[in-house]
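The values are calculated or read from the model by the stated rules, or taken from the named source; none is laboratory data. Since this is a predicted model, take the numbers as computed values, not measurements. Using ideal geometry, Cβ is built from the backbone for each residue, glycine included, and neighbour counts are taken over all protein chains shown. Protein only, heavy atoms only, side chains kept; ligands, DNA and RNA dropped before computing areas. Shrake-Rupley method; radii C 1.70, N 1.55, O 1.52, S 1.80 Å.
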Amino acid sequence: EDLKLVDKNMIQSFKNQEFQPYYQPKYDINTNKICGAEALVRWIHPEKGIIPPIFFLPYFERCGFITELDYYVFEKTCQNLRRWMDQGIKIVPISCNFSRLHAKDDFFPEKIQVIADMYNIPHHFLEIEITESAYKENSQDLIQAIQLFQRYGFKVLMDDFGSGYSSLN
């Protein structure tokens, strides 16, 4: 039943901006101060309320819709950062998750740069989180993309580290 809801409503819900980033703070344990945040997407359905990501992200990944959602969350994050900066609020770096499917897009780093620049966000305030599985599947292209991100001034983080072929060992 949940999958039917997702499939039937995802495009209209996307157009209605029912998907929203929520920001989970990152704390520096030495100072106990917020040093960053991670943008986490939530689906605010008008009738069902908040639909947890576990119910829609795997399906979005399978059907490829996840790439649209990733760019949307990134742009919303840039909009929020711009608004906070304009209001004089001190901002911290925010990391945004990107699916392994972006590794197949030769223009992924450029698209991210264009969105950030559209809102005049200094790149060091935006962190690109890529799942570890993307490194395994498409390492050469991804290494080139990471180098471009770094050249553009973005920090790249590995998400789900240790869940695939990498580990602290």
- [ ] Please turn the phi angles of region 46-54 into ³J(HN,Hα) values with the Karplus equation 6.51 cos²θ - 1.76 cosθ + 1.60 (θ = phi - 60°), one per residue in order, whole Hz, x for glycine and proline.
- [x] x, 10, 8, x, 6, 9, x, x, 4
Task: For Ser95, residues with placed amide H under 5 Å, excluding near neighbours - done: Ala37, Glu38, Ala39, Glu127
Task: Amide H within-cut-off set for Thr131, under 5 Å, with H built and near neighbours excluded - done: Phe98, Arg100, Asp159
- [ ] Let me have the 222 nm mean residue ellipticity of the chain computed from DSSP H runs of 4+ only, each contributing -39500 (n - 2.57), with the sum over all residues rounded to the nearest 500.
- [x] -13000 deg cm²/dmol
TODO: Would you grab the residues whose amide H sits under 5 Å from the one on His45? Only those 5+ places off in sequence or on another chain, please, with H modelled 1.01 Å from N.
DONE: Ile50, Ile51
Open item on the list: Apply the Karplus curve 6.51 cos²θ - 1.76 cosθ + 1.60, θ = phi - 60°, to the phi angles in region 11-26 and return the couplings in whole Hz, x for Gly and Pro.
Closed with: 5, 5, 5, 5, 5, 7, 6, 7, 8, 9, x, 10, 10, 8, x, 10
Task: Surface accessible to a 1.4 Å probe, per residue, for the residues of the chain, Å² - done: 59
Task: Surrounding net charge for Glu68, when Lys and Arg each add one and Asp and Glu each subtract one, Cβ distance under 13 Å - done: -1
TODO: Pop out the ³J(HN,Hα) list for region 86-100 in order, Karplus 6.51 cos²θ - 1.76 cosθ + 1.60 with θ = phi - 60°, rounded to Hz; leave Gly and Pro as x.
DONE: 5, 8, x, 7, 5, 10, 10, x, 10, 9, 10, 7, 10, 5, 4
